[in-house]
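Here the structure comes first, spelled out in structure tokens, and everything after it is commentary.
The numbers here are math on the coordinates, done by the rules we state, and not lab data. On a predicted model such as this, the values are computed, not experimentally measured, just so you know. FYI the Cβ positions are ideal-geometry reconstructions off the backbone, even for glycines, and counts take in every protein chain you see.
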Amino acid sequence: MSTIHLIKLQADAGSTAPASRQLTLGPGDGAPRWSPDGHTVSFTRRGTIYTMDLNGGEPVQLSPIKCGDALWALNNYAWSPDGRWIAL
């Protein structure tokens, strides 16, 4: 089972370990990408792209596009600079 986590690279004062937060429960989540504004993360799950607000909430399927075995398309997707589109 693959999941996506956020890991703070610098430990808080008085802490020896970086903070970590699990974002997704899987299964098979991968290829995370930050939105241009940094408030949303997109990721792939079972051949489909999802988005998730970093302030909380459930993943939302971005579109009905299912790439199936065309994993090369999902591994190379990207947000547009204004955050309104995703290209794959």
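Some values worked out for this structure:
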{"quantity": "Linear extension gain, HIS5 paired with ASN55, 0.36 nm per residue minus alpha-carbon span", "calculated": "16.6 nm"}
{"quantity": "Segment 27-49 residues near the modelled LEU62 label - backbone nitrogen below 15 Å, point 7 Å along Cα→Cβ", "calculated": "29-49"}
